[in-house]
Amino acid sequence: MSVLRRVLFKRLFLPKFNPKVTTNGFATDSNSSGFITTSDTVEVPKCSLNEYVFQNVHLWENCIATECAVTGRNYTYSQLRTKSKNFGAALRKKFKLEKNDTIAILLPNVPEFPIVTLGAIRAGLICTTVNPIYTADEISRQLLDSSTKVIVTLNELWPLADAATKQAKKNIPIVTIKSQQSQSVPSGAANFAELADCNSDVPSEESWDSVAFLPYSSGTTGLPKGVMLTHHNIVANVAQIGHPKLLISRQTTPDHQDVVPAVLPMFHIYGLTILSMFQIKLGVKIVTLPKFTPELYIGTLKKHKPNVLYLAPPIAIFLGKVPQVQAEDLKSVRAVINGAAPLGQLDGMRLTEKANKDLPILQGYGLTETSPAVITTRLAEYNKESAKGSLGRPVPNTTLKIVNPEDPSGAPLGPNQLGELLVKGPQVMKGYLNRPEENIFVDGWMRTGDMMYYNDDGFLFIQDRLKELIKVKGFQVAPAELEEIIRDFPDVLDAAVIGIPHEMEGEVPRAYIVAKPNSKIDVDQLKNHVHAKVAPYKQLKGGVSVVDSIPKNASGKTLRRELKQMYEKELK
């Protein structure tokens, strides 16, 4: 038995793994060999994404599809469908684009985002989504790697897009969207509104197995890579999370339309699939927030009275901790879905207490490479004792296994044994663009790099990324475990833990913490708080640093490499 499993999970081991199918239909070992799946299945049609999400649009064509939380500008579902069709056709014609050419979407969350994406892919183009807070240098690298032919952005971001094209030394046309009607289109840019209003009867050039989106992986463990996601990948994932046992957002009826705030960025796969395509399939009203600010988010809760909140841990923690958010602001909310990174049980409890009601807080797990959803909590099981703290179960049509990353045979481990998660399913990417050497598939299984285990009831628990585990004298320390303990200390708003080099112990944990506004943290008391809760090798022997903010990517994952760079600078 490895040191990793013996130390971290000794208390969880059972004498022998007993394969079984539980009464809820979850197969912990459908083939008597440790494969993790579920009896829930969905039909995944071989059709284009536009065909799939607009399947029932005639039932709610006059309902609002997207609305800006800042300006109030909005589009109905009828306008969304018509303008997207027009935009894609006009874009190809104006810039003489060919099928499978790539356009870059350099946008925050705005009502036009799905018009651009659905229109482009309907015209047979590929959309690479770009983080608008990137520097011109970072954007230029993505433009070059993806062979971008056109950029679509906001008027306000035109200087950044222009600088990126110059940095790339490419003459790439730019289309701009006006966030205010009074704005003028920058000189040399094309007007989005004119393209979207150009009547077109050009037939769709989508094919179900062609690449639709090219998001870039988060880069938390390396340089960003283009992830090739097909129409079928996204259709499959929308179908999977739309299974009746998983369905949280409700389909629009003549009497009711769900409202969902879209604060998690649509240029990230979580926002693109879950907050955009999935909600459009159901006819939901999507309220777009171009960025998170406490005032804007709280104002959106008060004004729009949303029914479901799709969050990442930083926002969930914010809602649970800040006094400005009251129970009344969460009255209309039926459920909270947390994704992008694990939410600690204590953080979830604080949010439930704030809501002053039985508010389901459901976990989800996925990757850019899996479109993204792989594991999620079922609403009927979120309060089950054995499910607490877990990510849930696999989504339908998905098979998982946990393996020892050092075992070349890839043999699946039994319950309560820690190992790397591997995935099979229709939502798994086609591959990485231009990087055949970056092979993360082993005999058809996609390696995730995430360390997990599943319990006797089949619920999956994440520990950390394989490459983020801190090695202390041969023992493995999961940063996520320490971070949850630290965040429970009074006056701590946020926390992140990294491993730093140590002459005697290899690595030791070091914490970076953010204090609540107008608060001061006693570092010695914090260390004592941690000391009382963890084994000696998990102590914060690398020290504690109080900082203004924790660096995170757009989806809310902590960028530990930036913290390590920060530490290296502190040594100089």
*Is it true that residue 345 is under 30 Å from residue 334 (Cα atoms) and in contact with an Asp or Glu (Cβ under 9 Å, 6 or more places away or on another chain)?*
yes
*Looking only at the range 423-443, which residues are within 14 Å of residue 35 (Cα to Cα), free of Cβ contacts under 8 Å to residues at least 60 places away in the same chain and either more than 18 Å from the chain's Cα centre (by Cα) or not in a strand (DSSP E or B) (or both)?*
424
*Output for the range 453-484, where each listed residue is part of a loop (DSSP other than H, G, I, E, B) and more than 16 Å from residue 510 (Cα to Cα)*: 455, 456, 457, 458, 459, 474
*So which residues in the range 527-572 are touching a residue at least 24 places away in the same chain (Cβ under 8 Å) and part of a helix (DSSP H, G or I)?*
529, 530, 537, 538, 560, 561, 563, 564, 566, 567, 570
*Taking the range 452-466, which residues are in contact (Cβ under 8 Å) with a residue 40 or more places away in the chain and either under 17 Å from residue 368 (Cα atoms) or under 19 Å from the mean Cα position of the chain (by Cα) (or both)?*
452, 460, 461, 462, 463, 465, 466
*acidic (Asp, Glu) and buried (at least 19 other Cβ atoms within 10 Å of the Cβ): does that describe residue 548?*
no
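A quick yes/no check of all residues on (1) in contact with a His (Cβ under 6 Å, 6 or more places away or on another chain); (2) under 20 Å from residue 554 (Cβ atoms); (3) of a type in the set (A, V, I, L, M); (4) at pLDDT below 95:
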{"position": "196", "(1), (2), (3), (4)": "no, no, yes, no"}
{"position": "223", "(1), (2), (3), (4)": "no, yes, yes, yes"}
{"position": "244", "(1), (2), (3), (4)": "no, no, no, no"}
{"position": "249", "(1), (2), (3), (4)": "no, no, no, no"}
*Please tell me if residue 512 is touching a strand residue (DSSP E or B) at 6+ places or on another chain (Cβ under 8 Å), in a helix (DSSP H, G or I), in contact (Cβ under 8 Å) with a residue 12 or more places away in the chain and under 24 Å from residue 451 (Cβ atoms).*
no
*Is one or more of the residues making up the range 170-180 touching a His at 6+ places or on another chain (Cβ under 9 Å), among the polar types (S, T, N, Q) and modelled with pLDDT under 95?*
no
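Table: residues versus (1) under 19 Å from the mean Cα position of the chain (by Cα); (2) free of Cβ contacts under 8 Å to residues at least 24 places away in the same chain.
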site	(1), (2)
277	yes, no
282	no, no
292	yes, no
295	no, yes
298	no, no
302	no, no
305	no, no
310	yes, no
315	yes, no
*Please state which of the following conditions residue 170 fails to meet, knowing it meets all the rest: (1) in a helix (DSSP H, G or I); (2) of a type in the set (D, E, K, R); (3) over 28 Å from residue 292 (Cα atoms).*
(1)
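The values are calculated or read from the model by the stated rules, or taken from the named source; none is laboratory data. Nothing here was measured: the structure is a model prediction, and the numbers come from that model. Cβ atoms come from the backbone with ideal geometry, glycine included; neighbour counts cover every protein chain shown.
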